[in-house]
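One structure is given here, and the rest of the page talks about it.
The values are calculated or read from the model by the stated rules, or taken from the named source; none is laboratory data. The structure presented is a predicted model; accordingly, all values stated were derived computationally and were not measured. Ideal geometry is used to build each Cβ from the backbone, glycine not excepted, and the neighbour counts take in all protein chains shown. In case anyone asks, the SASA skips ligands and DNA or RNA and just uses the protein heavy atoms, side chains included. Shrake-Rupley method; radii C 1.70, N 1.55, O 1.52, S 1.80 Å.
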Amino acid sequence: MRLSKYLLPTLREVPGDAEVMSHRLMLRAGMIKKVAAGIFTYLPLGYRVIKKVENIIREEMNRSGAQELLMPMLQPAELWEESGRWDEMGEELARLKDRNNRQFCLGPTHEEVITDIARHFLRSYKQLPVNLYQIQTKFRDELRPRFGLMRGREFLMKDAYSFHASKDDALREYEVMYQTYERIFTRCGFEFRAVSADTGKMGGAASHEFQVLAKSGEDEILSCADCRFSANATFVQKKEGDLCPTCHKGTLKSSRGIEVGHIFFLGKKYSEALGATFLDSNGKQLHFEMGCYGIGVGRTMAAAIEQHHDESGILWPIPLAPFEVAVIPLNMSDPEVVKVSEEVYQRLLEKNVETLLHDKEESAGVKFNDVDLIGIPIRVAVGQKGISKKSVGIKLRSEKEEKMIAIPAAVDQILKIRNELFRKINHRT
């Protein structure tokens, strides 16, 4: 992609209404634009990151055996009245009427719609288990939208729902989703914790939150170094320094976290409320055991920035980076600089490397600042001084020093660096 043809409205000044670092940097990097309180447009650069997150989620959900579908955002009141949540959700549920005075809501989640699908199409135990998921827009009328994509009213979410003939099988799928989420957030390049948590308005018997560790996190996470115990502090009513409630040996350490995913064992809460049943092997009619599993897609992008940034801008883990490499001609008026830059750029494209060519008529300093701000992991600087020595400068966003590499070897070296960045993340999965 040529930057001269790309919509990338970067800002030099920090926006006054941005409260957290991810919000500030996404606005400054030209990734999002506010439309109304808690509602944003994803501009091209931001949308590239959103698609990266979605693709990782989709690959791992498909790998787990889940099936993708797409449900409507607009949902009839009747389904929510059946579950009892039409009144329970309060003002957070955005309600409206159509021209025939029928009541609807903008879906904040889809338990009712998916359970209605199950009661119509899943008739026999032979069709079970089934795990269905979507990546779709949700709406919750937050009392006080804040923190950019962290607490928005309209947001992208991956939500999955599983149906089972027995509690044991539902708990088996719960563990499958637990492991799937671990792979997803590892592939995103996160340091994270899976923590025991309250089921809240979703209901059910058990839940785990997946928390990205960041100083700006809203939640307090308590973890034990001697065992795998981790929990949201509000769930266990413990504090830092207390004895671990699981191993009774280690002491609890406090850290801050940003919730990006949540899995629930729902049991029969929704299947009983909506009369969703199947016939077992003896011909007996039973209610489904259910689980549900959510990931905030935009929130995941924001959490990546909260965990990975410095004073110059974003430091994307390479799996989420909008572009993997930036090629920077330091002087667009120099034909030789432009020629070498074009050659490196075209060769990288031929190797399927996502590359941005900063071909604007701007100073080297401005170009370097742009690339650092938007967080491209690998920078290639092409200047007359380097060309005179038949080399270009290659620098990682996470490092201070630039290395001069011979022009004929530059692309191979870039590929080596790129592959190593992916390897460091993927070997953890």
How far is helix 111-121 tilted, in degrees, relative to the longest principal axis of the Cα atoms in the chain, given as a value from 0 to 90 rounded to the nearest 10?
-> 70
Among residues other than residue 400 whose Cβ falls under 14 Å from its Cβ, what is the net charge (Lys/Arg +1, Asp/Glu -1)?
-> -2
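Of all alpha-carbon pairs in segment 294-429, indicate the percentage at a distance above 22 angstrom.
Tail fraction, whole percent: 37.
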Length gained when the stretch residue 285-residue 11 is fully extended (0.36 nm per residue, less Cα-Cα span) | 92.5 nm
Unpartnered cysteines - no second Cys beta carbon under 4.7 Å - across the chain | 105, 188, 292
Please state the relative contact order of the chain as a whole percent: Cα pairs under 8 Å, 6+ residues apart?
-> 16
Amide proton proximity set for residue 309, modelled H, under 5 Å, gap of 5+ | 315
Run the quick spin-label model on residue 121 and residue 333: label points 7 Å from Cα toward the beta carbon, then report their separation in nm to one decimal.
-> 6.4
In degrees, nearest 10, the alpha-carbon axis of helix 297-307 is tilted away from the dominant principal axis of the alpha carbons of the chain by 50
So which residue, out of 26, 290, 71, gets the largest mean-square fluctuation from a GNM of the chain using Cα contacts under 10 Å as springs?
-> 71
Which whole-number percentage describes the relative contact order of segment 224-323, with Cα contacts under 8 Å and a sequence gap of 6 or more?
-> 19
Whenever you get a sec, line up 215, 34, 416 from highest to lowest accessible area (probe 1.4 Å, protein heavy atoms).
-> 215, 416, 34
Dividing the alpha-carbon Rg of segment 95-193 by 2.2 N^0.38 Å yields what?
-> 1.37
Using a Gaussian network model of the chain with C-alpha springs under 10 Å, which one of 49, 382, 338 is most mobile by mean-square fluctuation?
-> 338
Which whole-number percentage describes the relative contact order of segment 304-420, with Cα contacts under 8 Å and a sequence gap of 6 or more?
-> 27
Between residue 62 and residue 166, 0.36 nm times their residue separation minus their Cα-Cα distance comes to what?
-> 35.2 nm
Going toward the positive end of the dipole of the chain, with +1 on Lys and Arg Cβ and -1 on Asp and Glu Cβ, which of 115, 25, 243 do you reach last?
-> 25
By how many degrees, 0 to 90 and rounded to 10, does the Cα axis of helix 167-187 deviate from the longest principal axis of the chain?
-> 10
Measuring from its Cα centre, the chain shows a charge dipole (+1 at each Lys and Arg Cβ, -1 at each Asp and Glu Cβ) which, in debye to the nearest 20, is 880
Can you pull the percent of the chain's accessible area that's carbon plus sulfur, 1.4 Å probe, other chains left in place?
-> 50
One checks the Cα atoms of segment 1-148 and finds Rg and Dmax, in Å, of 19.6, 60
Accessible area per residue of the chain at 1.4 Å probe, in Å²?
-> 46
